[in-house]
Amino acid sequence: MTAAAHKINNTLIVDDEPDIRELLEITLSRMGIETTSAANLQQARTSLASNKYDLCLTDMRLPDGNGIDLVRDIQSQHPELPVAVITAHGNMQSAIEALKAGAFDFVSKPVDLSILRNLIETALRLSDGHKPLDLPVGAELLGNSSAIEQTRKTIDKLSRSQAPVYISGESGVGKELVARLIHQQGPRADNPFVPVNCGAIPTELMESEFFGHKKGSFTGAVTDKQGLFQAANGGTLFLDEVADLPLSMQVKLLRAIQEKAIRPIGEQREIPIDVRVLSATHKDLEQLTKDGQFRQDLFYRINVISLHVPGLRERPEDIPILTNYFLKRIAMAWQTAVPQLDRSAMEAIKNYSFPGNVRELENILERAMTLCESDLISAEDLQLPDGNEKAASSNPLSPQLDEDNPESSGLDPMLENTEREVIIKALEQTRYNKTAAAKLLGISFRAMRYRIKKLGIE
């Protein structure tokens, strides 16, 4: 019996087939859950009007309507009640329609009891008064703008569903943070959140990374390997830069999501998995789908619900709040006094377009803290591009944004290597005394510490 089952009062089962109702009643009974059954929409509506339920399971096809009608009724009149639909095998269109209408999740016929039990336990954590995890400072969306307030409301709503969510937005807006919040505020919060950058996995290793492999299944497979889907079992798998998946992998991913099962390389049978899939990219996925570079069926499957994360240009009033937060965080990490922006710096920040969004703002402030001579940052310390691309590119410390590599620092790799060698040599000469090494190089201790961190020098 699950912990959630101790507090369950009742679950409403809606299906016109007596055999299916009996199967569901027995399954839930063994989980310590009471049930009420209805054979059609009318009976279900009557039961909902007179009783309080913690979960509703409904078939898609009913004699006097369909399950989606019931989903919409419940969304309208009982929005806190999770409802899951039972769909015909292979009928993904109905499942997607139900999720869009507000269904918590779906299960396909013939009903896999292990999948059903996982679904029930997850849904009941919502009805059981699941409390979102206390988020650490900085692990929340900062700002008071209407754009970010609306994003927070949408996250709160999406956290109560199991529907796949496609998160769109420019590089640096915080798409992974949004995905984490959807996970942390939902019923899967106690289970793993597994982020994966789809563009960072070599094509030849992709299937093994996602689905795992059995020992001896190919040359080099010396042990069994657990894939990302298994690592995220019970939790959430976040597919970042999903547009970078090759077409061959898109087919396999689609099957895993639809069947809720995976087959590791070398394994003879499929393994059921219980994973919520969230995805994101800074690219125009809809256009890539039209151009044939991304599978249309996979696009519709991961884009059941879409969430756009606003860029800084869409919420300029949040820039001072974010600036203050980053300055405090950097100062704490460096164990220095918190600097302030003078009037010229604040004006420059407010008028800058931030093509790299929140990530770029943090990088600019971190660099400015190394360049300012006091605890007052000027516009000159920020080194913002003046709108002229040449001016920006001529300064090797200006943030350069590579569309294909949003993490790009803008420093030429050869320059970075030279700088690393010079700093390491100075550290060796001073027996790793950072203050002495900084003096030897003619830079401030703060700048020295910044470069050590940025260049990954241990």
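Can you tell me which residues in the stretch 234-267 are touching a Lys or Arg at 6+ places or on another chain (Cβ under 6 Å), within 18 Å of Pro195 (Cα to Cα) and of a type in the set (Asp, Glu)?
Matches in the stretch 234-267: none.
Those residues that are open to solvent by 10 Å² or more (accessible area, probe 1.4 Å), assigned to a loop (DSSP other than H, G, I, E, B) and farther than 15 Å from Ser306 by Cα, I need them from the stretch 94-119; list them, please.
Lys109, Pro110, Val111, Asp112
Which of the following residues is touching a Phe, Trp or Tyr at 6+ places or on another chain (Cβ under 8 Å) and not β-branched (Val, Ile, Thr): Phe210, Phe218?
Of the residues listed, the single one that is touching a Phe, Trp or Tyr at 6+ places or on another chain (Cβ under 8 Å) and not β-branched (Val, Ile, Thr) is Phe210.
Given the conditions (1) buried (at least 18 other Cβ atoms within 10 Å of the Cβ); (2) at pLDDT 85 or above, report the number of the one that Ser127 does not fulfil.
Unmet condition: (2).
Of all residues in the stretch 69-93, count the ones that are assigned to a helix (DSSP H, G or I) and open to solvent by 10 Å² or more (accessible area, probe 1.4 Å).
Result for the stretch 69-93: 8.
Checking Ile20 against (1) surrounded by fewer than 20 Cβ atoms within 10 Å (Cβ to Cβ); (2) among the β-branched types (Val, Ile, Thr); (3) touching a strand residue (DSSP E or B) at 6+ places or on another chain (Cβ under 6 Å), which single condition isn't satisfied?
Among (1) surrounded by fewer than 20 Cβ atoms within 10 Å (Cβ to Cβ); (2) among the β-branched types (Val, Ile, Thr); (3) touching a strand residue (DSSP E or B) at 6+ places or on another chain (Cβ under 6 Å), Ile20 violates only (3).
So, restricting to helices (runs of 4 or more DSSP H) that lie completely within the stretch 370-446, which ones have at least 3 residues that are surrounded by fewer than 16 Cβ atoms within 10 Å (Cβ to Cβ) and modelled with pLDDT under 50?
389-394
Ala44 - would you say it is at pLDDT 90 or above, open to solvent by less than 10 Å² (accessible area, probe 1.4 Å), over 17 Å from Phe104 (Cα atoms) and assigned to a helix (DSSP H, G or I)?
Against the criterion (at pLDDT 90 or above, open to solvent by less than 10 Å² (accessible area, probe 1.4 Å), over 17 Å from Phe104 (Cα atoms) and assigned to a helix (DSSP H, G or I)), Ala44 qualifies.
Taking the stretch 47-68 as the search range and keeping residues that are assigned to a helix (DSSP H, G or I) and open to solvent by 70 Å² or more (accessible area, probe 1.4 Å), which one is farthest from Ile302 (Cα to Cα)?
Result: Ser50.
So which pairs qualify, if the first residue must be in the stretch 26-52 and free of Cβ contacts under 8 Å to residues at least 24 places away in the same chain, the second must be of a type outside the set (Gly, Ala, Ser), the Cβ gap must be under 8 Å, and the two must be at least 6 apart or on different chains?
Ser29/Thr35; Gln42/Asp64
Looking only at the stretch 220-247, which residues are exposed (fewer than 15 other Cβ atoms within 10 Å of the Cβ) and within 13 Å of Ile201 (Cβ to Cβ)?
Listed by number, the list holds a single entry, Pro246.
If you take the residues of the stretch 187-219 that are of a type outside the set (A, V, I, L, M), under 21 Å from Arg152 (Cα atoms) and without any contact (Cβ under 8 Å) to a residue 60 or more places away in the chain, which of them is surrounded by the most Cβ atoms within 10 Å (Cβ to Cβ)?
Phe193
Take Leu365 and decide whether it is part of a helix (DSSP H, G or I), touching a Gly at 6+ places or on another chain (Cβ under 9 Å), among the hydrophobic types (A, V, I, L, M, F, W, C) and touching a residue at least 24 places away in the same chain (Cβ under 8 Å).
Answer is no for this residue.
The values are calculated or read from the model by the stated rules, or taken from the named source; none is laboratory data. Quick caveat: nothing in here was measured; it's all calculated off a predicted structure. Please note: Cβ atoms are built from the backbone with ideal geometry, for glycine as well, and neighbour counts cover all protein chains shown. Heads up: the accessible areas ignore ligands, DNA and RNA and are worked out on the full protein's heavy atoms, side chains in. Shrake-Rupley method; radii C 1.70, N 1.55, O 1.52, S 1.80 Å.
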